[in-house]
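Asker: For reference, the structure I am asking about is given below.
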Amino acid sequence: FYLFSIGELTHANITQPNRNSILSEDGVDGLKTGVTDAGGFGLAFSASKNERRIIGVINGLKNHQERHNEAKKMLDFAYDDTNAFKIANREQNIIDIPVYYGSKSHVKTTVNENIGYVNKNDQIRNITVTAIFDAPIKAPIAKGDIIGYLKISEDETERKHPLYAMEDIQPSGFLRKIYQNILFRVKRN
């Protein structure tokens, strides 16, 4: 973002100012201003503050001042009136799932993307996060296998994200299988 955040650029003895008037306000570090006959004045901006990145796009405005005012309103709303929550981080161990006939008794699972949620400060939502899987899972298991889902429910909507095995689990040997069968039968009774 360095090139988008500098105040002016000189090349071949010609200095061009950055026309992004909200640059440096509330962590704004770029991005692009523009104006066309059909689209009016517009701005695509990026800002980073308190480990939170905001991207905003606004278009169809009448002049520079209106573009500045409306972009500032958007930025203020995003930081002052909303919260962001982390639900799961990529490559973070989410849950250990029991393994049957494996060289290990559990397999660590993860998601392949950061999962978060944004809402308005005055709207407390009922969000539940549930790991869904059939256990125990029979070995062998390869790293990257989908072995369940992370279900995120909010009011009447739900999203599912695959749970991936974080490690290989080899099949257990003959004696370990006998031992696991005994344990499994004892737990069932």
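Asker: If the cut-off is 13 Å between C-alpha atoms, which aspartates and glutamates fall inside it for Lys160, apart from same-chain ones fewer than 8 positions away?
Answerer: Glu113
Asker: Separate question: To test your reading of the geometry: what angle, between 0 and 90 degrees and rounded to tens, separates the Cα axis of helix 64-80 from the longest principal axis of the chain?
Answerer: Once rounded, one gets 30 degrees.
Asker: Quick check: Cα centre of the range 111-189 to Cα centre of the range 28-77, how many Å?
Answerer: 41
Asker: Sticking with this one: How about Lys104: which lysines have a C-alpha closer than 16 Å to its C-alpha, ignoring those fewer than 8 places off in the same chain?
Answerer: Lys138, Lys143, Lys177
Asker: Dipole of the chain (Lys/Arg Cβ +1, Asp/Glu Cβ -1, origin at the Cα centre): which of Phe184, Ala165, Gly40 lies farthest to the positive side?
Answerer: Of the candidates, Phe184 comes out farthest on the positive side.
Asker: Could you tell me which of Tyr149, Ile14, Tyr117 has its Cα farthest along the dipole of the chain towards the positive end, charges placed at Cβ (Lys, Arg +1; Asp, Glu -1), taken about the Cα centre?
Answerer: The listed residue farthest towards the positive side: Tyr149.
Asker: Helix-derived [θ] at 222 nm for the chain: sum -39500 (n - 2.57) over DSSP H runs of at least 4, divide by residue count, nearest 500?
Answerer: -6000 deg cm²/dmol
Asker: Ok, one more. Taking the Cα centre as origin and putting +1 on Lys and Arg beta-carbons and -1 on Asp and Glu beta-carbons, what dipole magnitude results for the chain, to the nearest 20 debye?
Answerer: The calculated dipole for the chain is roughly 1100 debye.
Asker: By how many degrees, between 0 and 90 and to the nearest 10, does the Cα long axis of helix 174-188 differ from the longest principal axis of the chain?
Answerer: 80
Asker: With no solvent and one equal point scatterer per Cα, compute the Debye intensity ratio I(q)/I(0) for the chain at 0.09, 0.13 Å⁻¹ and report its log10, rounded to two decimals.
Answerer: The Debye formula, applied to the Cα set alone, gives -0.58, -0.83.
Asker: Continuing with this model, one more query. Which net charge results for the neighbourhood of Ile147, defined as the other residues with beta-carbon distances under 15 angstrom from its beta-carbon, given Lys and Arg at +1 and Asp and Glu at -1?
Answerer: Combined, the nearby Lys, Arg, Asp and Glu give +1.
Asker: Now, a different point. For the range 89-189, what are the per-bin percents of Cα-Cα distances with bins 10 Å wide, up to the bin holding the maximum?
Answerer: Per 10 Å bin, starting at 0, the Cα pair percentages come out as 14, 38, 26, 15, 6, 1.
Asker: I would also like to ask the following. Only Cα pairs under 8 Å and at least 6 apart count here; give the relative contact order of the chain as a rounded whole percent.
Answerer: With pairs under 8 Å counted, the relative contact order is 14 percent.
FYI, it's all coordinate maths here, none of it is from the lab. Since we're looking at a predicted model, the values are computed, not measured. Every residue, glycine among them, receives a Cβ derived from its backbone with ideal geometry; neighbour counts consider all protein chains shown.
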